[in-house]
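> Can you keep this structure in mind? I'll have questions shortly.
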Amino acid sequence: MPQPDLTAVRDQLDSDRAELTRQLGELVTDGAAGDVDENFADTAQVAAEQVESRTLAATLQDQLADIESALARIDDGTYGTCEVCEKEIGAARLEAMPSARSCIDHA
């Protein structure tokens, strides 16, 4: 099975990391309005939006952690190896999901 071009993978992961970091920055800036007027009629809606923002931020943080982990695996030579069975992860899976930690059987 052909190995992925690690330079191209690193470039993609770096690009993804920059985009996630940008999105997190915008989310923090947009969500900085933590001062909610208790008399505001839509306080419940504001609270729901804050929960949604925190959930989105957590998801973005998880994706960012996966990317950081993939970059570390490139650096230590274990990129493309399933963390469960230690077999090679399929090229199609890595192409679709460059930060994949496991083969399709252990996904």
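> Would you check which residues across region 58-86 are free of Cβ contacts under 8 Å to residues at least 12 places away in the same chain, closer than 26 Å to residue 25 by Cα and not charged (D, E, K, R) and list them?
Of everything in region 58-86, those that are free of Cβ contacts under 8 Å to residues at least 12 places away in the same chain, closer than 26 Å to residue 25 by Cα and not charged (D, E, K, R) turn out to be 58, 59, 65, 72.
> Take the residues in region 87-98 that are assigned to a loop (DSSP other than H, G, I, E, B) and in contact (Cβ under 8 Å) with a residue 12 or more places away in the chain, then tell me which one is surrounded by the most Cβ atoms within 10 Å (Cβ to Cβ). Reasoning before the result, please.
The initial filter retains those residues of region 87-98 that are assigned to a loop (DSSP other than H, G, I, E, B), namely 87, 89-90, 97-98.
Restricting the remaining residues to those that are in contact (Cβ under 8 Å) with a residue 12 or more places away in the chain gives 87, 89-90, 98.
Details: 87: 13, 89: 24, 90: 16, 98: 22.
The residue in question is 89.
> What are the pairs with Cβ atoms under 7 angstrom where one residue, in region 1-23, is of a type in the set (Val, Ile, Thr) and the other, located anywhere, is surrounded by 12 or more Cβ atoms within 10 Å (Cβ to Cβ) and not in a helix (DSSP H, G or I)? Sequence gap at least six, or different chains.
9/98
> Please give the number of the condition residue 53 fails out of (1) in contact with an Asp or Glu (Cβ under 8 Å, 6 or more places away or on another chain); (2) at pLDDT 95 or above; (3) within 25 Å of residue 24 (Cβ to Cβ).
Every listed condition holds for residue 53 apart from (2).
> When region 54-74 is examined, which residues are found to be more than 11 Å from the chain's Cα centre (by Cα) and surrounded by 15 or more Cβ atoms within 10 Å (Cβ to Cβ)?
71, 73, 74
The values are calculated or read from the model by the stated rules, or taken from the named source; none is laboratory data. Here the structure is a predicted model, which means the values were calculated and not measured. Heads up, the Cβs are rebuilt from the backbone with ideal geometry, glycines too, and the neighbour counts pull from every protein chain shown.
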